[in-house]
1. Where residues in segment 220-258 are polar (S, T, N, Q) and assigned to a helix (DSSP H, G or I), which of them is surrounded by the fewest Cβ atoms within 10 Å (Cβ to Cβ)?
2. Pull out all pairs, ordered by first then second residue, where Cβ-Cβ is under 7 Å, the residues are six or more apart or on different chains, the first lies in segment 39-53 and is in a loop (DSSP other than H, G, I, E, B), and the second is of a type outside the set (A, V, I, L, M).
3. Any residue at all in segment 32-48 that's under 15 Å from the mean Cα position of the chain (by Cα), among the β-branched types (Val, Ile, Thr) and open to solvent by less than 70 Å² (accessible area, probe 1.4 Å)?
4. Quick one: count up the residues across segment 1-38 that are polar (S, T, N, Q) and without any contact (Cβ under 8 Å) to a residue 24 or more places away in the chain.
5. Could you grab me the full set of residues in segment 108-129 that are among the small types (Gly, Ala, Ser) and in contact with a Phe, Trp or Tyr (Cβ under 8 Å, 6 or more places away or on another chain)?
6. Just checking, how many residues over segment 62-76 are part of a helix (DSSP H, G or I) and open to solvent by 20 Å² or more (accessible area, probe 1.4 Å)?
7. Quick check on this structure: which one of Lys2, Lys18 is of a type in the set (Lys, Arg), open to solvent by 30 Å² or more (accessible area, probe 1.4 Å) and outside any loop (DSSP other than H, G, I, E, B)?
8. Having 3 or more residues that are more than 19 Å from the chain's Cα centre (by Cα) and surrounded by fewer than 24 Cβ atoms within 10 Å (Cβ to Cβ) is the bar; report the helices (runs of 4 or more DSSP H) wholly within segment 100-214 that clear it.
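The values are calculated or read from the model by the stated rules, or taken from the named source; none is laboratory data. As the structure is a prediction and not an experimental result, all values here were calculated from the model. Cβ placement follows ideal geometry from the backbone for every residue including glycine, while neighbour counts extend to all protein chains displayed. The protein model used for the area step is the full one, side chains on, heavy atoms only, and it has no ligands, DNA or RNA in it. Shrake-Rupley method; radii C 1.70, N 1.55, O 1.52, S 1.80 Å.
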Amino acid sequence: MKSPLEIAQKYVAAGEAKAKLPLTKLLLLGILAGAFIALGAFGSSVASCNVACAAASRMMSALVFPIGLTMVVVTGAELFTGNCLLIIPVLAGRMKFTSMLRNWLFSYIGNFIGSLIIVLLICFSRSCMMYGGLLADGMVALALSKVKLGFAEAFLRAILCNIMVCAAVWMSFATDDLAGKVPAIFLPIALFVLGGFEHCVANMYFIPASGLFNIPADGLSWSALFLKNLLPVTLGNIAGGSIFIGVLFWFLNLRKAE
């Protein structure tokens, strides 16, 4: 297993490669990442559907949702929330700040497109109507709970979420073999699901999917998605990943070395 310093150096090299990605490739990799996270989100809803005990239901979701980030990391897809760690190569002087913002913008757009593609496939294939419609009912209830969060509550839950996501990405760099990467990714992501924290890319699936279930639900709209959830959650994810993990780990591992 690599030391924290070796992980930091390896991530800086990865950040340099991300800065050189052509725009088309970056966008396509972002679409893939959004699709993978959406599929993990769908699977977590299927696994936990109609489980009477709330704690057991959340545990079932936590066992399945990490599959999404595992696919992202192993395939090299571009996930906005994981890329909040790009502040590390920026602070190390190996990546321009504008290159980081470029990656964030187009990976975010790609993630949203990928999520919506899965939303359409899930809904028009009627996979969302499993268990006699109970799956759709549960998804609508989840989406409503997300858009009804206060700004501060959503922001703080998003900070906690991306601490876990970026920790998972960081830990995945500790090993080069798949057998080591899977548990490194699984454990922090399971913890964020158990905690009910907020992930902007997952919500790009959860909330739009509920709007296509043709079930009347006051409060679900595009404006609610963007203003009541994605805005505070995206800002919180940036703070959690970039400051609590990125800046801190740069300071601990690379500041003196650089």
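1. Let us first name the residues in segment 220-258 that are polar (S, T, N, Q), namely 221, 223, 229, 234, 237, 242, 253.
With the extra rule that they be assigned to a helix (DSSP H, G or I), the set shrinks to 223, 229, 234, 237, 242, 253.
Working: Ser223: 8, Asn229: 24, Thr234: 24, Asn237: 30, Ser242: 23, Asn253: 21.
The qualifying residue surrounded by the fewest Cβ atoms within 10 Å (Cβ to Cβ) is Ser223.
2. Here the result reads Cys49/Tyr131; Cys49/Gly138; Asn50/Tyr131; Val51/Ser57, each pair linking segment 39-53 to a residue that is of a type outside the set (A, V, I, L, M).
3. Among the residues of segment 32-48, at least one is under 15 Å from the mean Cα position of the chain (by Cα), among the β-branched types (Val, Ile, Thr) and open to solvent by less than 70 Å² (accessible area, probe 1.4 Å), which makes the answer yes.
4. Number satisfying all stated conditions: 2.
5. Gly114, Ser115, Ser127
6. The total comes to 8.
7. Exactly one residue qualifies, and that residue is Lys18.
8. Qualifying helices (runs of 4 or more DSSP H): 134-147, 178-195.
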